[in-house]
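Single-structure report; data block below.
Nothing in this text is a laboratory measurement; each read-out follows from the coordinates by a stated rule. In this text the structure is predicted, and so the values were computed from the model without any measurement.
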Amino acid sequence: MTTLPKTLMSRSLSAVLLLVLGLAAMVASANPGSAGRKPYTPERGQPGKDVMWIPTPQGLIDRMLEMGKVTSRDRLYDLGAGDGIIPITAARRFGTTGVGIEYNPQMAEFARSKVAEAGVADKVRIITGDIFKEDFTKATVITMYLLPDLNLRLRPMLLKMRPGTRLATNSFTMGDWEPDQVISANSSGFGGSTGYFWIVPAQVGGEWNFDGMDNQTRVRVNITQKYQKIGGTITIGDKTQPLLDPRVEGAEVQFRYLAQSSGQLQVVKATFTDAGTLKGQVGPYSSNGFEARRIGN
């Protein structure tokens, strides 16, 4: 075993120390201001792009997800995700796959840290992006806490979503698109909280050919629509009558009419298909099935 002289050993240690200090200086110069920097923590009321950050109370989050009947089969998008608590809650409670879209890079990074801390990184992804530019068309559930003018800007995009897509907002509505349900929740420290819930309706307005119904070769159904509210008439042969109790929920359409052949009320139930047709049946018997097509398409 060779022993170095004390003088040589001291010089070697000094060289190593200088090298370490030099590397530390290089790191500090490459990351100015990193020394002593506090971890980013969002503050209630802090300004952002078009909004300020106010966290959604946990009680309302739970009610929004329950109202939306969220499951592990859903894909949830949170528009303006903030700290990511909504998709995190959905993943932890229901096993839901979620994506949060957040414009503020610091907030998005903070949300990612919360996702990792909650142990749901395999379920939740946070995107740094603009909700008006990112693609969220694959969502089955959408949650939002945005100001009314932003809701109205998003409304045309939301109405083009797949029929049956569920929407839940905190505090603000969609203008004259009335909610299907109002969500109320008690939240400690903030009093009662209110949210709103919609199901995107199929766009079924127009004139439809229902040939074959009621033992007739010529049946026309004219549907008027404003969001999830529909009305209209049915013409069998040369006789027209109003649709009775018409409604649309997601892709499902239903109405009643008075059959000419029997004089009895008949119930029509149909599903709006990906092909743009209405496929269903009259009454309880599958032998009365039909596939209606919109006239002019």
Inverse of mean 1/r across different Cα pairs in the range 206-294, Kirkwood, Å: 13.0
Per-residue ³J(HN,Hα) for the range 265-273, Karplus 6.51 cos²θ - 1.76 cosθ + 1.60, θ = phi - 60°, Hz, x for Gly and Pro: 6, 10, 9, 10, 10, 9, 10, 6, 8
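What pairs from K160/K239; K123/K279; K114/K160; K160/K229; K133/K269; K69/K160 go past 26 Å between their alpha carbons?
Violating the 26 Å limit, Cα to Cα: K160/K239; K123/K279; K114/K160; K133/K269.
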State, as an integer percentage, the relative contact order of the range 206-294 based on alpha-carbon contacts under 8 Å between residues 6 or more apart. 21
How big is the range 58-199 on each of its three principal axes, counting only the C-alpha atoms and giving the largest first in Å? 39, 35, 28
Report relative contact order for the range 48-198 in percent, whole number only (criteria: Cα-Cα under 8 Å, sequence separation at least 6). 25
So who's got an amide H within less than 5 Å of the one on S193, skipping anything under 5 residues away but keeping other chains? H placed 1.01 Å off N, in plane. A185, N186, S187
